[in-house]
Amino acid sequence: MRYTGLIDKYRDTLPVSDNTRIISLGEGNTPLIRLENIPCEMGTQVELYIKYEGLNPTGSFKDRGMTMAVTKAVESGSKAIICASTGNTSAAAAAYAARAGIKAFVLIPEGKIALGKLAQAMIHGSTIIQIKGNFDDGMQLVKEVAEFAPVSIVNSINPFRLQGQKTAAFEIIEELGHAPDYHCLPVGNAGNITAHWMGYTEYHEKGKADSTPVMLGYQAEGAAPFIHGSRVHNPETIATAIRIGNPQSWDQALKLSKESNGWFDAFSDEEILATQKMLTEKEGIFCEPASAISVAGALRDIKSGKIPDGSSVVCTLTGHGLKDPDTAIAQCDTSAMINVNPTLEEVKKAILNNM
Ligand SMILES: *Cc1c(COP(=O)(O)O)cnc(C)c1O
């Protein structure tokens, strides 16, 4: 049967009725890929998987939430949606609004959004409002303006977003046949870690999984409110998707971290980029910088023994690497590119000299 998106697949667990018009682009159903080369080189027996959310229709997990948020906005008669965004939410909002035939307004921090995400927001025809401020400023403004304007907020404070996003946990349980022992995620607003915990506990309560995973949340050092225990005023990191100092799901994330016996940790931009590159070179998997932090976290905790040998671990790769081509190219040595004349002789030489 044709796959028609996560609302259709999981409608029994979602707040939709038979009459609801579903706004879908076929999101969800993303691959769970077992890492081979990195664990082998490390000599660990940990079963390490990545959930490749970059393969959603607009290239990030935000589509899981957006299909629900836009479906419910349309159902309630909304003609416009609005969000603040570090980039991926605006890309998803723009695409799903186009699909629904409604307007999208997106507030983005000027100069701080990755090129691919900006391209998406623009080409889908959303109205882009650039602010001379960061995501947290944008979020505050969106909450205030929605009280006066006829627009539905589709940030993760919209409860339907998390309902859609919880389905990633369902897919993992179905694919593995059980919940993993550990689940590692990048944390910005903390909506996604909250949604995953909802999904895992829901399936546990329904008897579809015997256990729930330990939830591990990782942040960039310059934007690590969960490590400091308080909001960060001027968050800064190359991983723009998690450049957030005032997480909207603060209480929920602290609560689930405790309930699951989990922890938070932070990584420098250098460590984030090194892990991004390692995934591309050793496993053939290209994710954006923010996503790589989940694998950086898993590897650090496996090495230290905090994650014991023999465990099963899932890391969510939240967004596709093509979202941020500038950061990818800047990491590579362009002088290693070989320029030749279009002759067989020169091309042959270039190959033989580099075997
Ligand atoms: C939105 C986003 C995050 C952060 O998710 P939260 O729910 O805000 O914690 C991480 N990575 C990418 C690529 C994102 O787009």
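The values are calculated or read from the model by the stated rules, or taken from the named source; none is laboratory data. Note that this is a predicted model, so its numbers are computed, not measured. Cβ placement follows ideal geometry from the backbone for every residue including glycine, while neighbour counts extend to all protein chains displayed. Protein only, heavy atoms only, side chains kept; ligands, DNA and RNA dropped before computing areas. Shrake-Rupley method; radii C 1.70, N 1.55, O 1.52, S 1.80 Å.
Among the chymotrypsin sites (Phe, Trp or Tyr not before Pro) within the stretch 199-286, not one is in coil by DSSP while having at most 14 neighbouring Cβ atoms inside 10 Å.
Remark: the chain carries a charge dipole of roughly 900 debye about the Cα centre, counting +1 on each Lys and Arg Cβ and -1 on each Asp and Glu Cβ.
Calculation over all alpha carbon pairs of the stretch 36-179 in 10 angstrom steps from 0 returns a P(r) of 12, 38, 28, 14, 7, 1 percent.
The equivalent ellipsoid that matches the C-alpha gyration tensor of the stretch 229-289 spans semi-axes of 26, 16, 9 angstrom, in descending order. Once you reduce the stretch 285-355 and the stretch 159-209 to the center of their Cα atoms, the two points are 27 Å from each other. Summed over the residues of the stretch 43-137 and divided among them, the accessible surface reaches 33 Å² per residue at a probe radius of 1.4 Å. Within the chain, the longest run free of trypsin sites (Lys or Arg not before Pro) that sit in a DSSP loop with at most 16 other Cβ atoms within 10 Å is 232-305. Highest GNM mean-square fluctuation among ALA290, ALA241, ALA336, for the chain modelled with Cα contacts below 10 Å: ALA336. Under 20 Å of direct C-alpha separation, and excluding same-chain neighbours fewer than eight residues apart, LYS62 reaches these lysines: LYS9, LYS51, LYS72, LYS103, LYS112, LYS117, LYS143, LYS166, LYS323. For a quick check, take a GNM of the chain with Cα springs below 10 Å and name the residue from PRO342, PRO225, PRO15 with the largest mean-square fluctuation. Top of the fluctuation ranking is PRO342.
Looking at the stretch 199-346, the accessible area is 46 square angstrom per residue; that uses a 1.4 Å probe and ignores ligands, DNA and RNA. Per-residue extension of 0.36 nm, minus the Cα-Cα distance of HIS228 and ASP12, leaves a gain of 73.8 nm for this segment. Ordered by solvent-accessible area of protein heavy atoms (1.4 Å probe), largest first, the residues TYR3, TYR49 come out as TYR3, TYR49. Near PHE267, the amide H atoms lying under 5 Å from its own belong to GLN219, ALA220, GLU221; only residues 5 or more places off or on other chains count, and H is placed 1.01 Å from N. Once all protein chains are placed together, CYS40 keeps about 100 Å² accessible to a 1.4 angstrom probe. With springs connecting C-alpha atoms under 10 Å apart, model the chain as a Gaussian network and identify which of ILE153, ILE102, ILE81 has the largest mean-square fluctuation. Checking each option, the largest mean-square fluctuation is seen for ILE102. Each of ALA121, ALA73, THR343 was placed along the dipole of the chain (beta-carbon charges, centred on the mean Cα), and the one lying farthest toward the positive end is ALA73.
Each DSSP beta bridge with both residues in the chain is either parallel or antiparallel, and the antiparallel ones are about 15%. Here the translational diffusion coefficient of the chain follows from Stokes-Einstein with Rh set to the Kirkwood radius across Cα pairs; for 10 °C and 1.306 mPa s it amounts to 76 µm²/s.
Once you order the gyration tensor axes a ≥ b ≥ c over the Cα atoms, which shape class does the stretch 127-239 get: rounded for a/c under 1.5, otherwise prolate or oblate by comparing a/b with b/c? Since a/c reaches 1.5 but b/c is at least a/b, the shape of the stretch 127-239 is classed as oblate. Here each label is just a point 7 Å from Cα along the line to Cβ, and for GLU221 and LEU352 those points are 4.7 nm apart. Residues of the stretch 38-67 with amide nitrogen under 18 Å from the 7 Å Cα-to-Cβ point of LEU25? Counting backbone N atoms under 18 Å from the label point, the list is 52-67. Ligands, DNA and RNA left out, the 1.4 Å accessible surface of the stretch 29-143 is 52% carbon and sulfur atoms.
Estimated from the Cβ-Cβ distance and a Förster radius of 30 angstrom, the FRET efficiency linking LYS206 and LEU115 is about 0.10.
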